[in-house]
Amino acid sequence: MVTFDIFAQAVVSGLANGAIYALVAVGLTLVFGVMRIINFAHGEFLMIAMYAGYFAWALAGIDPVLAIFIVTPLLMLIGVLLYDGIIRRALAAPEINQMAVTLGLSLLLQNLALMTFKGDNLLIPLARATESIAIGPALLQLPQAIAALASLLLIAALWLVLRLTDFGIMMRAVAQSRDGAVLCGIGLGAVYRWALCIGIGTLGITGPLLASTLYVNPHVGALFTLKAFVIVIAGGLGNFGGALLGALLVGLAESIAGAWFSASIAAAVPFALLIVAMLWRPEGLIARRVAR
Amino acid sequence: MIRFPLIPVLLVVAGFAAATQDRYLMDVFVLTCLYGTMAVAWNLAAGFTGLLSLGHSLFIGIGAYTVAYGVTAHGLSPWVMLPLAVLIAVVCALAIGVLCFRYGLKGYYFGIATLAFSEIAFFLVSAAVWLGRSDGMMLPAGGDPWISLQFRAKWPYGLMILVVLLATLIAGWALLRAKTGYYWRSIRDNEEAAEALGVPIFGFKLFSFALSAGIVAVCGAFYACYVAFVDPRSVLGVELSIQLLVFSIIGGMGLLWGPLLGAAILIPASELLRIWIGASFYGVNIVLYASLLIGLALFLPQGLGALRWRRRVS
């Protein structure tokens, strides 16, 4: 029997999970919005960030919240290398080849991690992991609350950057019309490099925070890639507000379905949402309808 | 002009003849043909019609689970369940196709939508008690092997999958050189232009997708009999759908037999690697083939099968 208390708990943890999903999805939506490339290896970079956060704690005793400041620059650098090493060459190729490249990258990183770190589950056991905040009848674990807060801050910061800075205007210009932006004298290469740098860099914030609430293993990223797709498409590709809304919806739906049905059925719910969203509002849940 | 794939056909038949003496070789042959057939069928939709499905494991899973369920729960012969499996897969493909094409999902969007359908099936089967949940189902041995399709020897399996593969290649060749094939390729190259010229794109996309689904369902049914065990991860997982793409990219999507070439390179190669390197380094073979995939997708987009033509042109 699902009581009100259980329902309230499901809502609270659903929203907290949703905020974490948003933290993963926001980088993906930025990269797609600007470059029109779907990065199937997005989750694998999250996996790298989680390992980096774990080793910062295990080897140097750095708290995950502080590790963000080390892992984020690292991930940004990886983003730049990824652009110059691989994605730049893939942009000229047909869609199917772009897909194959990022899928190959995802397989490659997963299995390199498997060779290097073995398949063991690792976790940062923090003292504060057992503490929680009471919200009405429901409880929210402290690390989850921190991750949710970080997610909201990050999305707000990215939104401000895109709205207010010249750099943001250039990114939005490229997202709206690649050719138009080039004609206005915007260098595509630099914008793409920065988009990937920031898009992958956001995972540097997510990874360490997530490593204290979720086991790290080589396959952890794949789980998030699929959910991030759902969120990004439901929210409208390249739309931050939509990504946040989509993420909260997915988190809520999953956790409420989990309260009623088995975990497997709850896991199918985001994909059902995706299909409904794609058929019903292919341009995204909150996109403005463009007059033609 | 699509020529009859005579050389691949002869090579496959020769491969079967060479492998009959050795159980291990026959196993590699069967797996190569099985994945080769699935990849060729996937490529009919993806490479020739432009329908980039990332959810073909759904149809493979339908084939495998229909047979496994009929055999374990009702003791029926796989021969009885096979037409049913193909029927269910085709009906599902038509339903998914109608939904996606009606709402104009293309390219990436079609891929992600099909992926979502197959993931839903994956999780629902993982929760379904009557389908063995995530533990899977074991097919019982016994009875007349030509009825239960549970052979002790490997060669009957090799013969069966050889027939399926040859039938797929011949059907694909016949369709591609007929009007259907030209319509498919016109849809792939420019859907709007094809429609403007009067190609009934909706029907031909549905036909391509459903045909591809039907063929991989046959392969799924074969898989259930051959391995005698099905579980969601092996027949419904995303990894399986992605594998078909990998074989096709490596072999070449512009050729009917390109995906078969991809499978014929990668499957024996990963078997060899497993023998040389051993099971201790589990990820090594995937690392190598992922690197190959990235390199080919970037530098030889036509796949290995196109190498010959390239040299002749330049």
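For segment A:1-79, what class follows from the C-alpha gyration tensor (a ≥ b ≥ c being the square roots of its eigenvalues): rounded when a/c is under 1.5, otherwise prolate if a/b is larger than b/c, else oblate? In terms of gyration-tensor shape, oblate.
Here's the picture: a label point sits 7 Å out from the Cα of B:Phe151 along the beta-carbon direction, and within segment B:70-104 the residues with their amide nitrogen under 17 Å of it are B:78-79. Computed from the Cβ-Cβ distance with R0 of 56 Å, the FRET efficiency linking B:Arg102 to B:Gln21 stands at 0.60. Result for chain A in a Gaussian network model with C-alpha springs under 10 Å: among A:Phe117, A:Phe261, A:Phe271, the largest mean-square fluctuation is at A:Phe261.
In what order, largest first, do A:Leu46, A:Leu158 sit by accessible area if the probe radius is 1.4 Å?
A:Leu158, A:Leu46
Measuring nothing but how far apart in sequence close Cα pairs (under 8 Å, 6+ apart) lie, relative to its length, segment A:1-69 scores a relative contact order of 15 percent.
Listed by chain and number, the aspartates and glutamates placed with their C-alpha closer than 18 angstrom to that of A:Lys118 are A:Glu44; residues fewer than eight positions away on the same chain are left out.
For segment A:4-280, calculate the relative contact order in percent as a whole number, restricting contacts to Cα pairs under 8 Å that are 6 or more residues apart.
Relative CO of segment A:4-280 lands at 41 percent.
Against the longest alpha carbon principal axis of chain A, how many degrees, from 0 to 90 and to the nearest 10, is the axis of helix A:42-60 turned? It works out to around 60 degrees. Of the DSSP H helices in chain B, those with a Cα length along their own long axis of 18 Å or more and a mean Kyte-Doolittle hydropathy reaching 1.0 comprise B:6-19, B:23-49, B:57-74, B:78-102, B:107-127, B:155-177, B:201-227, B:238-251, B:258-277, B:284-299.
Kindly express, to the nearest 10 degrees and within the range 0 to 90, the angle between helix A:220-235's C-alpha long axis and the longest C-alpha principal axis of chain A. Between helix and principal axis, roughly 70 degrees. The angle separating the long axis of helix A:188-210 from the principal Cα axis of greatest extent in chain A is about 10 degrees.
The values are calculated or read from the model by the stated rules, or taken from the named source; none is laboratory data. Because the structure is a prediction, the values reported are computed rather than measured. No Cβ is skipped: glycine too gets one built from the backbone with ideal geometry, and neighbour counts run over all protein chains shown. Please note that ligands, DNA and RNA were not included when accessible areas were found on the heavy atoms of the full protein model with its side chains. Shrake-Rupley method; radii C 1.70, N 1.55, O 1.52, S 1.80 Å.
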